[in-house]
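Report on the structure given below.
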Amino acid sequence: MRNIADPLAAEPLSLSGTGRAWPSVEERSQAIIAALEEIRPDMILTIPSSTLKHVLAAFEGRADIPVVPLTREEEGIGIAAGMVLGGGRPVLVIQDNGLGNSLTALATFPQAYHIPLLILVSQRGGLGEYNSMIHTFCEHVEDIVRAAGLRAFSLDGRIPAEQWRTAIVKAFEYAQITHRPVLVLCNLMGF
Amino acid sequence: MTRQDALRLIIQEFPREPIVVTLGQTVRELVALGRSDNHLYVLDSMGLPPAIGLGLSLAPAARKFAKTVVIEGDGSLLMGLSTLATVGLLKPERYLLVVLDNGTYASTGGQPTAAPVVDFCRIAEACGMAARDAHDEAELREALRWGRAVRQPALIRAYIDNTNIPAPYFLEDPVGLAERFRRYLEQS
């Protein structure tokens, strides 16, 4: 039985009939950390999600990859896009309901101006979620992003954690060669 | 002081520095004064120019220039006002934000904004920025020289009247605008 008081406590769900556990929050977080270490952004811009705490903690206090708290996700879109125009290499790390705060900025600036950006997005509101209302927006995010013409890839518990790192690094590269923002929707709790 | 008077003074003081220009009538009147590859024309994205300028001021290319300038309107600044906190947090000393304040949404018919009851300079100072007002061309000329010299992020609130100079819609492809600006920064 999942401990609701500590929803991120490791109790791996298992795929029926396989005996193989889904990757834990920690395993998925380590894969994201490894990907960011490989990408080596010059800044991580964030409004944190509770499911991202392991990822952000790994970079806390680092001078080589500073973590900058934003006031709004939308602001982070502008800062990141401005940095890229000036030769910078930022990555945004936000929660998926923050995309609701960012849609116009995303569509009218980096998407329209063909500015490459990697945005790591923690998905909330699915199986394993402890917040009783967050799904009211989050479970629609994939449809919203698709309707807005934004390119997104999804990672969840059905994908082995060791593949997350490669996928995120490739998403960064894909943003560069397609000259646009690319979102990686990461479900760290379940699917 | 009209908007175009203020724009003319800004580009005279900063002829080669990167300038992020807010949408609507401001872009159109600046283009009417002459196109320039050091100007990044933001065609929509209300509220975003201060953040775009912040990112630019932190980027490697910014080190080639004395300042990164943002020209913003009062209505759009109110939409992105919290960005001043992030400016204060990151403290880019090359960041200069010039707010052209006529207390209205000029591009949509002149509806009033809340700017008359907002002290932008005190908000900027509370966020760790330097700030000053300019009420006419002489004061703005002096403020811009101060803005060039100050060694911290700064805000200038330039009071302008409600004159809108007739100017055609600016309809260029934003992809081309970004590329010209990016190459200007790269090749400077």
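The values are calculated or read from the model by the stated rules, or taken from the named source; none is laboratory data. None of these values were measured; they are calculated from a predicted model. Reconstructed Cβ throughout: ideal geometry from the backbone, glycine too, with neighbour counts over all protein chains shown. Accessible surface areas use protein heavy atoms only, side chains included; no ligands, DNA or RNA. Shrake-Rupley method; radii C 1.70, N 1.55, O 1.52, S 1.80 Å.
Numbers for the structure displayed
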item: Test: residue in the range A:24-31 that is under 30 Å from residue B:127 (Cβ atoms) and among the hydroxyl-bearing types (Ser, Thr, Tyr); result: no
item: Filter result (at the interface with chain B (Cβ under 7 Å from one of its Cβ atoms), more than 13 Å from residue A:42 (Cα to Cα) and open to solvent by 40 Å² or more (accessible area, probe 1.4 Å)) within the range A:63-103; result: A:71, A:72
item: Condition met for residue A:40 (more than 30 Å from residue B:188 (Cβ to Cβ) and open to solvent by 30 Å² or more (accessible area, probe 1.4 Å)); result: no
item: The lone exception for residue A:165 - which of (1) within 13 Å of residue A:32 (Cβ to Cβ); (2) of a type in the set (D, E, K, R); (3) touching a Phe, Trp or Tyr at 6+ places or on another chain (Cβ under 8 Å) it fails; result: (3)
item: Among (1) open to solvent by 10 Å² or more (accessible area, probe 1.4 Å); (2) out of contact with any Pro (no Cβ under 8 Å at 6 or more places or on another chain); (3) at pLDDT 95 or above, the one test that residue A:176 misses; result: (2)
item: Test for residue B:170: is it among the aromatic types (Phe, Trp, Tyr), under 20 Å from residue B:65 (Cα atoms) and either within 14 Å of chain A (Cβ to nearest Cβ) or under 18 Å from the mean Cα position of the chain (by Cα) (or both); result: no
item: For residue A:127: the one exception among (1) aliphatic (A, V, I, L, M); (2) open to solvent by less than 30 Å² (accessible area, probe 1.4 Å); (3) modelled with pLDDT under 95; result: (2)
item: Residue list for the range B:54-83, filter: part of a strand (DSSP E or B) and among the hydrophobic types (A, V, I, L, M, F, W, C); result: B:69, B:70, B:71
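Rundown of residues vs (1) over 25 Å from residue B:78 (Cβ atoms); (2) modelled with pLDDT of 95 or more; (3) not polar (S, T, N, Q), yes/no style:
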| position | (1), (2), (3) |
| --- | --- |
| B:143 | no, yes, yes |
| B:151 | yes, yes, yes |
| B:155 | no, yes, yes |
| B:160 | no, yes, yes |
| B:167 | no, no, yes |
| B:173 | yes, yes, yes |
| B:179 | yes, yes, yes |
| B:186 | yes, yes, yes |
